[in-house]
Amino acid sequence: MVQMGAKTTTITEYDVLQEEMDLLKNDQKEQKTTSCEEQSQLPVSKQEIIWTNVVFITLLHVAAVYCFCNYFFTTKYQTYIWAFIVGGIGGFGVTGGAHRYFTHRSFKAKLPLQLILILCYTVSGQNDIPDWVRDHRVHHKFSETDADPHNANRGFFFSHVGWLMQRKHPEVYRKGKTIDMSDINNDPLVQFHTKHFLLFKLLLCFIIPVLVPVYAWNENWTEAISSLAIVRYVLNLNFTWSVNSVAHIWGSKPYDNRIQPAQNLMVSIVAMGEGWHNYHHVFPWDYRAAEIGGYLLNTTTLWLDLFSRIGWAYNLKTPSKKLIQEVAVRHGDGSWREVPETTEHTGDYKTS
């Protein structure tokens with residue numbers, strides 16, 4: 001049974017607990033089977049390097065370092081504030097849009113919010129939504145196997161950015177074909193956005209962010225381009241990539257010690273609440289992507305709760321405290337502690 005609140009769906013019954021734990025066990029068995037099968041697959045060292053990506057990503061990062069070192073003191077403070085705002089908009093588009101809404105469907109969104117999520121995601125300048133969603137869904141289903149696009153078992157560099165510099169492992173393509181993408185393929189907004197993706201990306205990620213400081217407070221073109229189109233863009237990318245790398249290598253595992261994703265405070269700070277990754281991989285359908293941290297360390301949840309207050313976000317899914325406790329006690333590393341009930345003045349998440 002599912003208990004319905006005004007705006008939040010909470011999984012409460014013990015049979016749901018058992019069902020969730022069975023699903024977790026089945027996923028892990030499937031991953032182990034996949035790992036065995038992959039021993040006979042194409043060795044990772046034989047995968048083709050995409051030299052255009054290598055050159056572009058390398059030059060982009062070199063340019064970011066150069067711009068930061070040469071224009072840090074000549075850039076106006078208004079431009080820094082604007083860059084922070086644009087970075088936050090793009091970050092929310094990734095975390096609240098591509099991740100929690102389009103990939104995991106952890107809440108429902110009315111049309112105005114859907115438009116906001118798509119536009120915000122475009123500001124991040126990443127791949128189109130179908131590519132992002134497919135990669136992330138296969139990542140969750142086959143995490144830390146050769147079917148995982150950014151398999152952390154292949155090291156920090158590969159899981160952070162190296163996976164974008166070479167062809168995907170054959171297992172990624174093979175397992176990717178088993179992922180249900182019907183919701184994305186049948187979404188008219190997503191399909192329209194994908195059809196005109198390059199235009200939207202150029203306008204919202206690069207052109208408009210650069211034009212605003214130039215014409216609003218007479219920023220120099222050089223400083224505007226370096227801070228908004230290069231440094232801000234590179235930071236946004238690396239903050240997202242850190243979830244795939246840092247949060248899969250370093251941190252505690254209070255919810256499930258058998259999996260690689262971990263709780264990482266620094267990633268939560270830079271990625272707007274996405275660093276509570278051990279929790280997220282156990283409960284990927286929780287719209288908060290975390291149990292702890294509060295709004296200060298999970299600004300994505302803050303915005304989603306604000307949108308829920310005006311009715312644009314609804315049916316926000318969360319597991320019951322009993323379900324979280326049962327899983328943590330059974331499979332965690334012993335570091336889990338129950339979240340206090342009295343969170344009214346602590347900036348913690350809403351509970352109804």
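Details
- Residues of segment 26-82 that are charged (D, E, K, R) and modelled with pLDDT of 90 or more: 48, 76.
- Of 229, 271, 216, 224, all but one fail to be under 19 Å from the mean Cα position of the chain (by Cα) and of a type in the set (Gly, Ala, Ser); the exception is 271.
- The number of residues in segment 283-300 that are touching a strand residue (DSSP E or B) at 6+ places or on another chain (Cβ under 9 Å) and either among the aliphatic types (A, V, I, L, M) or under 15 Å from residue 257 (Cβ atoms) (or both) comes to 4.
- Of the helices (runs of 4 or more DSSP H) entirely within segment 224-320, those holding at least 3 residues that are open to solvent by 10 Å² or more (accessible area, probe 1.4 Å) and closer than 30 Å to residue 207 by Cβ occupy 232-244, 299-309.
- Any hit, segment 223-234, residues being free of Cβ contacts under 8 Å to residues at least 12 places away in the same chain and not charged (D, E, K, R): no
- Residue count, segment 86-128 (criterion: assigned to a helix (DSSP H, G or I), open to solvent by less than 20 Å² (accessible area, probe 1.4 Å) and aliphatic (A, V, I, L, M)): 7
- Number of the condition not met by residue 333 [criteria: (1) modelled with pLDDT of 95 or more; (2) closer than 23 Å to residue 245 by Cβ; (3) in contact with a Pro (Cβ under 7 Å, 6 or more places away or on another chain); (4) surrounded by fewer than 22 Cβ atoms within 10 Å (Cβ to Cβ)]: (1)
- Single residue of 172, 161, 62 found to be among the hydrophobic types (A, V, I, L, M, F, W, C) and buried (at least 22 other Cβ atoms within 10 Å of the Cβ): 172
The values are calculated or read from the model by the stated rules, or taken from the named source; none is laboratory data. Everything numeric here is computed off the predicted structure, so don't read it as measured data. When we count neighbours, we look across all protein chains shown, and the Cβ atoms used for this are built from the backbone with ideal geometry, even at glycine. Side chains included, ligands, DNA and RNA excluded: accessible areas come from the protein's heavy atoms. Shrake-Rupley method; radii C 1.70, N 1.55, O 1.52, S 1.80 Å.
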